[in-house]
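The values are calculated or read from the model by the stated rules, or taken from the named source; none is laboratory data. Given the structure is predicted, the values throughout are model-derived calculations rather than measurements. We place every Cβ from the backbone using ideal geometry, glycine too, and count neighbours over all the protein chains shown. These accessible areas exclude ligands, DNA and RNA; they are computed on the full protein's heavy atoms, side chains included. Shrake-Rupley method; radii C 1.70, N 1.55, O 1.52, S 1.80 Å.
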Amino acid sequence: MKRILVTGSTGTLGRPVAELLTSLGHDVRGLSRRPGAAHQGDLVTGAGLDAALDGVDTVVHCASDTRRQGRTDLPGTRNLLDAAARAGHPHVIFVSIVGVDRIPFPYYRIKLEVEGLIATYGGTIQRATQFHEFALGGARIAARLPLVPAPDVPVQPISTRDVAARIAALVDNPVPGRAEDLGGPEVLRAPDLFRSYLDRIGSRRRVVPVRLPGAAFRAFRNGEHLTPAHRSDGERWSDFLGGTPVRR
Ligand SMILES: NC(=O)c1ccc[n+]([C@@H]2O[C@H](COP(=O)([O-])OP(=O)(O)OC[C@H]3O[C@@H](n4cnc5c(N)ncnc54)[C@H](OP(=O)(O)O)[C@@H]3O)[C@@H](O)[C@H]2O)c1
């Protein structure tokens, strides 16, 4: 049994990570800025970090300023790692994204810099492909339009539970540096994925594949965010969609 701090434990990935690690018998602390959280803390101000890290063996770093393209991720991670060093240098596992070094996308550039901080600290970097929930979010937004635009790119969506399982394995057997990338079980085209969502909600709207300009989207078109050689054997998109409550 290890004492583990999960940053971003209220988020899409952090929640299943904290649940799985708890179910495996670990003593899990979830860090959140929310008032009333058992371990309230803010990575940007540093408030609450020393208390949250006290006696911790492992940190799973899932927090990210995702709504603002990672704007505070670098200072926030610096604060986390400084506090971790003060707390006796626990093992740190950081969740990153496949292709951050190959796709010139602003959020990815920041993730790559954060990976550098983690490497210098001596932690583990786990890159994953896009989560099912992320793909679903994109489909839901696009589906509001009469003609449903879908980026004409491949995707390899993965279940957050499968990413959580990989993290649990890394908690038990730490890997220095970059762990093997982890991708979903299949590569799909985003327009087909959007079509399946529309079918699921009973919408007959037409999907329009869209070719977006720029170097970042060229890289997405070329599949630089995929890792077909590292497919999980976990939940497929269709199974995720089938188990998702129908909500527009
Ligand atoms: N989405 C994808 O498809 C995907 C794919 C591969 C990897 N990833 C990576 O996986 C990680 C998790 O992504 P996600 O989609 O689960 O994110 P998310 O749902 O947006 O959750 C972000 C979390 O970060 C926390 N947070 C943000 N700023 C904070 C701060 N200043 N102090 C403390 N906590 C803070 C939030 O906690 P509170 O609001 O409760 O404080 C929240 O729990 C990210 O690093 C992301 O880049 C994502």
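Seen against the Cα atoms of the chain and their longest principal axis, helix 73-86 is set at about 30 degrees.
Taking amide H as placed 1.01 Å from N in the peptide plane, Ile97 has its amide H under 5 Å from the amide H of Ala128, each at least 5 places away in sequence or on another chain. The angle separating the long axis of helix 160-172 from the principal Cα axis of greatest extent in the chain is about 30 degrees.
Among the DSSP beta bridges whose two residues both lie in the chain, what percent are antiparallel, rounded to the nearest 5?
Details: 2 of 32 bridges.
Beta bridges within the chain, antiparallel portion: roughly 5 percent.
Could you work out how far helix 14-23 tilts from the main Cα principal axis of the chain, as a 0 to 90 degree angle to the nearest 10? Tilt of helix 14-23: around 60 degrees. Counting only protein heavy atoms and a probe of 1.4 Å, the accessible surface of the chain is 52% carbon and sulfur. Residues of the stretch 92-117 with amide nitrogen under 14 Å from the 7 Å Cα-to-Cβ point of Leu212? Only 103-109 pass the distance filter.
Please compute the per residue accessible area over the chain with all protein chains in place, 1.4 Å probe, rounded to a whole number of Å².
Details: 11950 Å² over 248 residues.
The answer is 48 Å² per residue.
Placing unit charges on each Cβ (+1 for Lys and Arg, -1 for Asp and Glu) gives the chain a dipole about its Cα centre, and among Ala85, Ala51, Gly99 the Cα reaching farthest toward its positive end belongs to Gly99.
Mean 1/r over all different Cα pairs, inverted: what Kirkwood radius does the chain give, in Å?
Details: mean 1/r = 0.0533 Å⁻¹.
For the chain, inverting the mean 1/r across all distinct Cα pairs yields 18.8 Å.
Please state the relative contact order of the chain as a whole percent: Cα pairs under 8 Å, 6+ residues apart? Working shown, then result.
Values: 487 pairs, mean separation 46.4, N = 248.
Answer for the chain is 19 percent.
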